[in-house]
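Enquirer: Dumping the structure here so I can ask a few things about it.
Taken together, the values in this text are just the output of simple stated rules run on the coordinates, not laboratory data. Fair warning: this is a prediction, and the values are worked out from it, not measured in the lab. Don't worry about glycine lacking a Cβ; one is built from the backbone with ideal geometry, like all the others, and counts go over all protein chains shown.
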Amino acid sequence: MKNEKKKIGLSSQIFIGLIGGAIVGLIFNYLIPQSYIRDVVFVDGLFYILGQGFIRLMQMLVVPLVFCSLVCGSMAIGDTKQLGKVGVRTIIFYLITTALAITVALSVANIINPGIGLNMGNIQAADNVTVATKTSFSQTMLNIIPTNIFYGLTNGKMLQVIFFALFVGIILTRLDDKASTVSNFFSEFNDVMMEMTMLVMKAAPYGVFCLIARTFASTGFSAFVPMLKYMGSVLLALFVQCFFVYTILLKTSTGLSPVVFIKKFFPVMAFAFSTATSNATIPLSIETLKDKLGVSKKISSFTIPLGATINMDGTSIMQGVAVVFAAQAYGIDLSMLDYLTVIGTATIASIGTAGVPSVGLITLTMVFNSVGLPIEAIALIMGIDRILDMTRTAVNITGDAICTTVIANSNKQVDKDTFYKKFEKDAI
Ligand code: ASP
């Protein structure tokens, strides 16, 4: 958390990269006539090499980052054995809300159609964009089980990597002290990968500048509207999840007032919004649930940290919308099976996303890979991601708190007097 100031600085830099890239791209498109210098040296030379170099750095992170963070994530799940039924129910609830969130995202995105009009397929035709070949349902299911994990790792078969990582995490929990060296190795390697991610993200302003400049040099103004539509779709889907899905879930499964809940929990949402870091909100969330909403710490001290690690509904909403955006921008048709695959992989990506800023963008590459979408599309949305990251983090932690309240209520661990007690506007 000590880098928080720097991170905010970096987001502004990325945003400046986006705006700068758009301006330079537009100047190239409208004001500079076709020439060797413009097209070969800049657009297909410098911009292409630096932009692609950055994308390759991001791709380099995916397999090790997801692998380590899933091993650690499933070690955390392994601990739920101690909590028995509560643990299992919490995890099921988390998975269901995440799947619901992606469904909301896919529906909103299919109504707004954010990527239509971008025609990236034409621009990128020369870039050897790799699009995976489609396979049948039974084969897709079978392909989750690796026959050789090293093949899966080296070829970026993300579902196989996930399957194996979850397995390793579960076994490590079972072996406990007997495998503490291996467990520590994965936790520490996870830290290494997080640090590497932060370093690679430092190159993001330049990478985004080059990628956007190249896009706008080729598309002109027609790229603006789709990007705004993408942002609008993510925000709308986040709003629906937070103020409809969650409130209905809370009301129907506990009878408690969603209005009281949101009012009292709002400072925690504001804190998550300003830091874009689920992990940082854990203490405040537990305290608020206990002091203002009467939710027993016995439950929340387990479910809130677990949720901050594995339950990212807001992140998966961004990923769902991004999938539709990219598919439309590149003119790729997604089948029903593709959508189901997206629901599955984005749910798992949410487990693999650490509760710190921007990681949702890295795990997005894994969702794109699963349905054969070009990773290049992520560059388009990266420049405007910070504000979405802030908003989705607020939704991420609200999802954890709603689930915690539902589970606690079913265990008679919510003090209704405290829940409905008029709250003073005390300091947070
Ligand atoms: N910033 C998010 C969180 O901390 C993760 C992400 O979506 O990048 O919850």
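Enquirer: Run the helix sum for the chain: -39,500 (n - 2.57) per DSSP H stretch of 4+ residues, divided by residue count, reported at 222 nm to the nearest 500 deg cm²/dmol.
Expert: The helix contribution divided over the chain gives -24000 deg cm²/dmol.
Enquirer: From the backbone phi of the stretch 226-237, what are the Karplus-calculated ³J(HN,Hα) couplings (6.51 cos²θ - 1.76 cosθ + 1.60, θ = phi - 60°) in whole Hz, Gly and Pro given as x?
Expert: Listing the rounded values in order: x, 5, 5, 5, 4, 4, x, 5, 5, 5, 5, 5 Hz.
Enquirer: Still on this model: Given contacts defined as C-alpha pairs under 8 Å and at least six residues apart, what's the relative contact order of the stretch 140-281, whole-number percent?
Expert: Contact order relative to length: 8 percent.
Enquirer: If you don't mind, another one. Once the Cβ-Cβ distance between S35 and N113 is put in as r, and R0 is 35 Å, what FRET efficiency do you end up with, to the nearest 0.05? Write down the numbers at each step before the final one.
Expert: Numbers: r = 36 Å, r/R0 = 1.02.
Computed FRET efficiency for S35 and N113: 0.45.
Enquirer: Another question about this same structure. Return a whole-number percent for the relative contact order of the chain, with Cα pairs under 8 Å and 6 or more residues apart as the contact set. Don't skip to the end; give the middle numbers.
Expert: Details: 630 pairs, mean separation 130.8, N = 428.
So the answer I get is 31 percent.
Enquirer: Under 5 Å between amide hydrogens, which residues at least 5 positions from V295 or on another chain qualify, with H placed 1.01 Å from N in the peptide plane?
Expert: K290, D415
Enquirer: A further question follows. Just going by the charge dipole of the chain, with Lys and Arg at +1 and Asp and Glu at -1 on Cβ, which of L31, N143, M312 is farthest out on the positive end?
Expert: Most positive-ward Cα: M312.
Enquirer: Here's another thing I want to ask about it. Need one number: nm distance between label points at A270 and L340, each 7 Å from Cα along Cα→Cβ, rounded to one decimal.
Expert: 4.5 nm
Enquirer: Are any of the pairs K263/K421; K85/K416; K85/K251; K297/K421; K298/K422 more than 20 Å apart by Cα-Cα distance, and if so, which?
Expert: K85/K416; K85/K251; K298/K422
Enquirer: Rounded, prolate or oblate, given the Cα gyration tensor of the stretch 163-264, with a/c below 1.5 counting as rounded?
Expert: oblate
Enquirer: Please compute the Kirkwood hydrodynamic radius of the stretch 296-368 from all pairs of different C-alpha atoms, in Å with one decimal.
Expert: Here the Kirkwood hydrodynamic radius works out to 13.1 Å.
Enquirer: Taking the Cα centre as origin and putting +1 on Lys and Arg beta-carbons and -1 on Asp and Glu beta-carbons, what dipole magnitude results for the chain, to the nearest 20 debye?
Expert: On the way: 30 positive and 23 negative charges, 200 e Å.
Dipole magnitude for the chain comes out near 960 debye.
Enquirer: Assigning unit charges at the beta carbon (Lys, Arg +1; Asp, Glu -1) and nothing else, what dipole magnitude in debye, to the nearest 20, does the stretch 160-286 show about its Cα centre?
Expert: 540 debye
Enquirer: If you take all C-alpha pairs in the chain, what percent of them are over 38 Å apart? It would help to have the intermediate numbers written out before the result.
Expert: Values: 19821 of 91378 pairs.
Result: 22 percent of Cα pairs exceed 38 Å.
Enquirer: Give me L289, L250, L46, L18 ranked fewest to most by other Cβ atoms within 10 Å of their Cβ, as a rough exposure proxy. Working shown, then result.
Expert: Values: L289 30, L250 22, L46 14, L18 25.
Lowest count first: L46, L250, L18, L289.
Enquirer: Which is farthest toward the positive dipole end of the chain among I381, T303, A354, measuring Cα position about the Cα centre, with Cβ charges +1 (Lys, Arg) and -1 (Asp, Glu)?
Expert: T303
Enquirer: For the stretch 334-428, what is the convex hull (Cα atoms) projected area averaged across all directions, in square nanometres? It would help to have the intermediate numbers written out before the result.
Expert: Details: hull surface 36.7 nm².
Its average projected convex-hull area is 9.2 nm².
Enquirer: I would also like to ask the following. Just from the alpha-carbon atoms, what are the Rg and Dmax of the stretch 263-392 in angstroms?
Expert: 16.3, 51
Enquirer: Related question: Taking trypsin sites (Lys or Arg not before Pro) that fall in a DSSP loop and have at most 16 other Cβ atoms within 10 Å as cut points, what is the longest piece of the chain between them?
Expert: Longest run free of exposed loop sites: 135-411.
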